[in-house]
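Read the structure below first, then the notes.
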Amino acid sequence: MKSIATYQNFYFVGIGGIGMSALARYFHSIGKNVLGYDKTPTKLTKTLEQEGLKINYEDVVTDEILQLQQDNSLIIYTPAIKKLSILEYFQKNDFQILKRAKVLGLITENTNCIAIAGTHGKTTTSTLVAHLCKEIDLPFSCFLGGISENFNSNFLFNGNEYSVVEADEYDRSFLNLHPNWAAITSTDADHLDIYGDKETIEKGFSDFANLVKNDQQLFARKGLEIGRKYQSYAVNEKADYYSDNLRMENGKTIFDFHSPNLPTQTMEWQIPGIHNVENATVALAILLGIGAEIEKLKIALSKFKGIKRRFTKHILDNGKIYIDDYAHHPTELDAVIGSAKTFFPNKKLLVVFQPHLYSRTRDFAEDFARSLSNSDELLLLDIYPARELQQDFEGINSAWLLEKIQMERKEVCSLEKALEKIKNKEFDVLLTVGAGNIDTLYDPIMNWLGNK
């Protein structure tokens, strides 16, 4: 295969995916012609169009596709995409077609690659690492799985000596990377449609860990079994790097950070939650390993604003509180609902949740039911299918899940009718949560709450 830099046209099949869009932005930023397909318009695809990328929302071979030539066009697809007329056209006409993860691996292969993996925590950690790199002006590029509040994108180019990437375990994509530095935040069961069971997932993370040559440049949460030595990190227990003495002062999170070769450092930042201090601990550990100065990291950490749709919180003039979050796994739901209950005790919590994937809903139904039962009232939206077909999962739907949820005030509703339902509910705290297209509710809800 010839170098990807020699192609002029890049067509993304599934361009609206968070990982795909970061790659699309990269090629657009270096002057390539970028276009693509996605099934559903979202806030992200609309932003990409505003940036100059061309997106088609119908699975048809358009005139723009017909004008592409094999010798100067690279087709990039996500394994989440299954059978599509567009993809079949490219296959039949002998275009060069590569998976997203392969392309990301090729781009970052000649950099000092910092890869963050884990079934939970990787987006916050990788975005924080990228933010710290930017604040200390390290020559780096980043490809993230969330939109940074600081630079309002999931992609940033500030040089190519280093790269910061979110290492996706889906379809074993992260095994295409060439990490010089890596962190593993968690190895909980997920993507059982790919892995089958928890043991196979853990084997996948172990294979990823073995891509890092130096034990001193591999970090993992203390207690994780990944089959080799690593630098451990933790919160409220001793490890190679650890944080403790967490407290809130003037709305900020303060904690003590311990590392092998420095005295204890008092750190502060704007992000709530014990799990987020854990993410900060490993991010600081990686940057110290690279050679960053702790005083610069302190200042940089205090400036981190977080990630869009990661406990994005608004306290309105009318006293209502609105939180939006990307959580789509029971462990993540436990964290976000628990945080809402902790920060706003004795307030009525209305949760609007959109399940993501029929397979995940089926595999973790009992855990989803337990998590969602902790809300005071629930609007359960229809399952967002993403790459899956409903006919392959007979009987698995939101009504089926609703029956398992132990609470009185609960109902199923479509995304289209959700806003009207919300307007007629009594609540103090509203939490919209999910990884599908529930984000399209965000602006209408904010407009309504702002005008109320």
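Could you tell me which numbered condition Leu128 fails, if it satisfies all but one of (1) aliphatic (A, V, I, L, M); (2) farther than 28 Å from Ser186 by Cα; (3) surrounded by 20 or more Cβ atoms within 10 Å (Cβ to Cβ)?
(2)
Being among the hydrophobic types (A, V, I, L, M, F, W, C) and within 18 Å of the chain's Cα centre (by Cα) is the filter; apply it to region 82-122 and report the residue that is modelled with the lowest pLDDT.
Here the residue is Ala101.
Identify all residues within region 256-284 that are more than 15 Å from Thr127 (Cα to Cα), polar (S, T, N, Q) and not in a strand (DSSP E or B); write none if there are none.
Hit for region 256-284 is Asn261, nothing else.
Give region 27-50 a look and list any residue that's more than 23 Å from Pro444 (Cβ to Cβ), of a type outside the set (Gly, Ala, Ser) and touching a Lys or Arg at 6+ places or on another chain (Cβ under 9 Å), or say none.
The answer is Asn33, Val34, Leu35.
Show the residue pairs that are 6+ apart or on different chains and have beta-carbon atoms under 7 Å apart, the first residue being within region 372-387 and on the phi > 0 side of the Ramachandran plot, the second being of a type in the set (A, V, I, L, M).
If the second residue must be of a type in the set (A, V, I, L, M), the pairs left are Ala386/Ala80; Ala386/Leu357.
A quick yes/no check of all residues on (1) buried (at least 16 other Cβ atoms within 10 Å of the Cβ); (2) in the same structural domain as Ala117 (by TED's automatic domain parsing); (3) at pLDDT below 90; (4) touching a His at 6+ places or on another chain (Cβ under 6 Å):
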| position | (1), (2), (3), (4) |
| --- | --- |
| Ala167 | yes, yes, no, no |
| Tyr170 | yes, yes, yes, yes |
| Ser173 | yes, yes, yes, no |
| Pro179 | yes, yes, no, no |
| Thr185 | yes, yes, no, no |
| Ile201 | yes, yes, yes, no |
| Asp207 | no, yes, no, no |
| Asn210 | no, yes, no, no |
| Lys213 | no, yes, no, no |
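Condition check: surrounded by fewer than 20 Cβ atoms within 10 Å (Cβ to Cβ), in contact with a Ser or Thr (Cβ under 9 Å, 6 or more places away or on another chain) and either in contact (Cβ under 8 Å) with a residue 24 or more places away in the chain or assigned by TED's automatic domain parsing to the domain that holds Gly289 (or both). Does Lys222 satisfy that?
yes
If the Cβ limit is 9 Å and pairs must be 6+ apart or interchain, which residue in region 1-21 that is farther than 21 Å from Asp71 by Cα pairs with which residue that is assigned to a loop (DSSP other than H, G, I, E, B) and of a type in the set (Asp, Glu)?
Partner pairs satisfying both residue conditions: Gly14/Asp38; Ile15/Asp38; Gly16/Asp38; Gly17/Asp38; Gly19/Asp168; Met20/Asp38.
Identify all residues within region 31-43 that are outside any loop (DSSP other than H, G, I, E, B), of a type outside the set (Val, Ile, Thr) and over 16 Å from Ile81 (Cβ atoms); write none if there are none.
Within region 31-43, Asn33, Lys43 qualify.
Name the single residue, out of those in region 374-397 being of a type in the set (A, V, I, L, M) and part of a loop (DSSP other than H, G, I, E, B), that is farthest from the chain's Cα centre (by Cα).
In this case the residue turns out to be Ile396.
With touching a Phe, Trp or Tyr at 6+ places or on another chain (Cβ under 6 Å), part of a strand (DSSP E or B) and at pLDDT 95 or above as the only criterion, which of Val433, Val412 stands out?
Of Val433, Val412, the one residue that is touching a Phe, Trp or Tyr at 6+ places or on another chain (Cβ under 6 Å), part of a strand (DSSP E or B) and at pLDDT 95 or above is Val433.
The values are calculated or read from the model by the stated rules, or taken from the named source; none is laboratory data. Here the structure is a predicted model, which means the values were calculated and not measured. Backbone-built Cβ (ideal geometry, glycine too); neighbour counts: all protein chains shown.
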